[in-house]
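> Please find one structure pasted underneath; my questions will follow.
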Amino acid sequence: MVEAFHSQLPVLAVEHDDLRRSRRLLLLMVAIFVPSRLPADDPPKDDMAEVKTAKDGVGKEAGAEQDAAQWLRGRVVFLAEVLESRGARSVPDARQRVLALETERGELIPLLEDRRGHAFRADDRLRKMELELLVRRLPGTPVVQIINVVELTKGGRFEIDYWCDVCAIVMFELKPCECCQGEIELRRRPLAKDRSPLPGIK
């Protein structure tokens, strides 16, 4: 029996060495793969607050310039026609290309021709009015976008838009009603002297 036991010792030694190598390999695999699967640590709260504040600051700064609205007085004209009266002549096909507001001081401010702006091309009655326009200047350009139109007369101030009696809907340029396709009318609603058509803007 002693001889049999001694004959098995080399086998046991090999198995023991294999077990130790297996354990080392397992520990190495755990060390390599487990950290890569763990979620990254969240940054400190103070850092997160600084990042959020920085982003908010950029958004507010960019939006402030675009969203600032102001009232301007004057008449809407075709830019080239006024420039021609001042001695700067354009080619004939540019005479009615660009709409602009001619202010009380004679400044010419180009208008964005969206629905509000296009109304002055489609309806020449608007170009004959003395106006107060609520506008927003487009960043990086001299162009302004019309937000609201107010006519100035001896009888007071009137908010200007278009109205369909059949459908009871308001529109902002002269064209067939978007609902019934019927005719619409120019609407003039009186404003109090101290009242803006838009709340919070004077």
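> Suppose the chain between GLU84 and GLU102 were pulled fully straight at 0.36 nm per residue; how much longer would it get relative to their current alpha carbon spacing?
Length gained, GLU84 through GLU102: 5.1 nm.
> Shifting gears a bit: Fully extended, how many nm does the chain gain between GLN70 and GLU183 (0.36 nm per residue separation, minus their Cα-Cα distance)?
Result: 37.4 nm gained on full extension.
> Name all residues of the range 101-142 having a backbone nitrogen under 12 Å from the label point set 7 Å from the Cα of LEU191 along its Cα→Cβ direction, giving them as ranges.
Taking a point 7 Å out along Cα→Cβ of LEU191, the residues of the range 101-142 whose backbone N falls under 12 Å are 131-135.
> Based on alpha-carbon atoms only, what is the radius of gyration of the range 73-191 relative to the globular estimate 2.2 N^0.38 Å?
With N residues counted in the range 73-191, Rg over 2.2 N^0.38 Å equals 1.12.
Throughout, read-outs are computed from the coordinates displayed, never taken from laboratory work. None of the values given here were measured: they were computed from a predicted structure. Note that each Cβ is placed from the backbone with ideal geometry, even for glycine, and that neighbours are counted across all protein chains shown.
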